Amino acid sequence: PASRAREAAAAPAGPVLHIAVVGFHHKKGCQVEFSYPPLIPGEGHDSHSLPEEWKYLPFLALPDGAHNYQEDTVFFHLPPRSGDRSTVYGVSCYRQIEAKVIILPFRYYRETVQKSVCVLSQLPLYGLLQAKLQLITHAYFEEKDFSQISILKELYEHMNSSLGGSPLEGSQVYLGLSPRDLVLQFRHKVHLLLPLLCF
């Protein structure tokens, strides 16, 4: 019973499991720089350690070639972790900024700094998560000091309190999803998908 109580206390109150920041280090490549709550229980928020099942998270959140764009959004899946049975849905908002205008804790050898702010969720609320995440990513970059992480912790609390309390309305679930793109992508197979979307 005590272990169940601890698990219940550790479980998020809503669909968001973690908020993470992935950055490109000029010597080490893509790595997780921050996660709230920590990706591995007992580690610090600034730990670069990853669960074995999620070892590709940095490369999914900050994909190769991202430096060719000022900003973009990436959607991805992560496998279940041991003991879990459900897929984890990721939304990552990528941006880059000139290195000379921000505060860095070490000497940086590139002209731009590239980072992604990610939400890892139990539910595929892609459009809704993207809308909230884009605003926060812009605000995070406007700070010009990436050690200021309180805004990311507040995002985690806000998303779980706003998305976890009451059932989501249909318009919220489908925010950002285009019916036109659905038809163009799946063409005559759309009639097979529609019954699945209605349930």
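Every read-out reported here was derived from the displayed coordinates using simple, explicitly stated rules and does not represent laboratory data. Quick caveat, the model's predicted, so the values are computed rather than measured. Ideal geometry is used to build each Cβ from the backbone, glycine not excepted, and the neighbour counts take in all protein chains shown.
Annotation: amide H-H contacts under 5 Å for VAL88 (H modelled 1.01 Å from N, sequence separation of 5 or more, or interchain): LEU78. Each residue of segment 111-121 was assigned a 3J(HN,Hα) from its phi angle through the Karplus expression (A = 6.51, B = -1.76, C = 1.60, θ = phi - 60°), giving 6, 10, 10, 10, 8, 10, 9, 10, 10, 10, 10 Hz with x at Gly and Pro. Converting phi to 3J(HN,Hα) with the Karplus coefficients 6.51, -1.76 and 1.60 and the offset θ = phi - 60°, segment 44-50 yields x, 5, 9, 6, 8, 5, 10 Hz in sequence order, with x at every glycine or proline. Once the Cβ-Cβ distance of SER47 and HIS26 is raised to the sixth power relative to R0 = 22 Å, the FRET efficiency obtained is 0.65.
Amide H to amide H distances under 5 Å link CYS30 with HIS25, where only residues 5 or more positions off or on other chains count and H is placed in the peptide plane. The fewest-to-most ranking of ARG81, ARG95 by surrounding Cβ atoms within 10 Å reads ARG81, ARG95. Here the Karplus relation 6.51 cos²θ - 1.76 cosθ + 1.60, evaluated at θ = phi - 60°, turns the backbone of segment 30-41 into coupling constants of 6, 8, 6, 9, 7, 8, 9, x, x, 5, 10, x Hz, with x for every Gly and Pro.
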